[in-house]
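J.: Quick one: the structure is below, questions incoming.
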Amino acid sequence: MVYKFRIISDEVDDFLREIKIDSEASFYDLHEAILKSTGYKDDQMTSFFICDDDWEKETEITLEDMGAGSSEEDTYVMKDTRLSELLEDEKQKLLYVFDPLAERVFFIELSEIITGKDLDKAVCSRKTGEAPKQTIDFDEQMNTNAALDLDENFYGDQEYDMEDFDPEGFDINEGSGNPYDEDKY
């Protein structure tokens, strides 16, 4: 079988990659195909996450064995895990963490399963837009974040009404008003 993956980014609107790869290929083969299609270097501790329909992370497939050892959870390593082991349904969602320090990801969907075919190596069948930068310089990120427009409403409604305050759970009448009782110290 051949799996066709659709890869998008929440950082670049017109970025799209479609990769066709044999279902018996490893997650490492898919990882290499993504790097090749984006022009990224293979110098980050990337990982895949199998997700539910709401993009909530469920199963992680790491680039290297992180030595969790006695962990109750199964650990999956890209080179040792075939795509068909963990993926069997169209519309299956995955995240590919390409910049682990800044937690930047690609959103991947198994868009089609083509039966009766196989591929020797992965093929990028569609390439649209420029990939986002592989890593973000933290100084640059801080400057970008500093440029956010934080007006007076950023933290919520400034019109605070004491009538809205629910005093239950807070005993605001307890105590003498002086936190230090002279007799105790």
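Since every read-out is calculated from the coordinates, none of them should be taken as a lab result. The model shown is predicted, which means the values in this text are computed figures rather than measured ones. Please note: Cβ atoms are built from the backbone with ideal geometry, for glycine as well, and neighbour counts cover all protein chains shown.
J.: Hey, with R₀ at 35 Å, roughly what FRET efficiency would Glu112 and Asp137 work out to, going by the Cβ-Cβ distance, to 0.05?
T.: Computed FRET efficiency for Glu112 and Asp137 comes out at 0.40.
J.: Kindly flag which residue pairs out of Lys91/Lys117; Lys36/Lys57; Lys20/Lys57; Lys41/Lys79; Lys20/Lys79; Lys57/Lys133 have an alpha-carbon separation exceeding 21 Å in this structure.
T.: In this structure, Lys36/Lys57; Lys20/Lys57; Lys57/Lys133 exceed 21 Å between Cα atoms.
J.: Still on this model: For a Förster distance of 35 Å, can you work out the FRET efficiency between the beta-carbons of Asp43 and Met1, rounded to the nearest 0.05?
T.: 0.65
J.: Contour minus end-to-end for Asp14 and Lys91, with contour as 0.36 nm per residue of separation and end-to-end as the Cα-Cα distance?
T.: Length gained, Asp14 through Lys91: 25.7 nm.
J.: Let me ask something else about it. State whether segment 1-81 is rounded, prolate or oblate according to the following rule on the C-alpha gyration tensor (a ≥ b ≥ c being the square roots of its eigenvalues): a/c under 1.5 gives rounded; otherwise a/b larger than b/c gives prolate, and the remaining case gives oblate.
T.: Note, shape of segment 1-81 comes out prolate.
J.: Moving on to the next point. Within segment 28-49, list the residues whose amide N lies under 15 Å from a label point set 7 Å along Cα→Cβ of Asp80.
T.: Within reach of a label on Asp80, which here means backbone N under 15 Å from a point 7 Å along Cα→Cβ, segment 28-49 contributes 28.
J.: Which of rounded, prolate or oblate describes segment 1-45 when judged by the alpha-carbon gyration tensor and an a/c cut-off of 1.5?
T.: Verdict is oblate for segment 1-45.
J.: A further question on this structure: Looking at segment 1-99, which chymotrypsin sites (Phe, Trp or Tyr not before Pro) are in a loop (DSSP not H, G, I, E or B) and have at most 13 other Cβ atoms within 10 Å?
T.: Trp55
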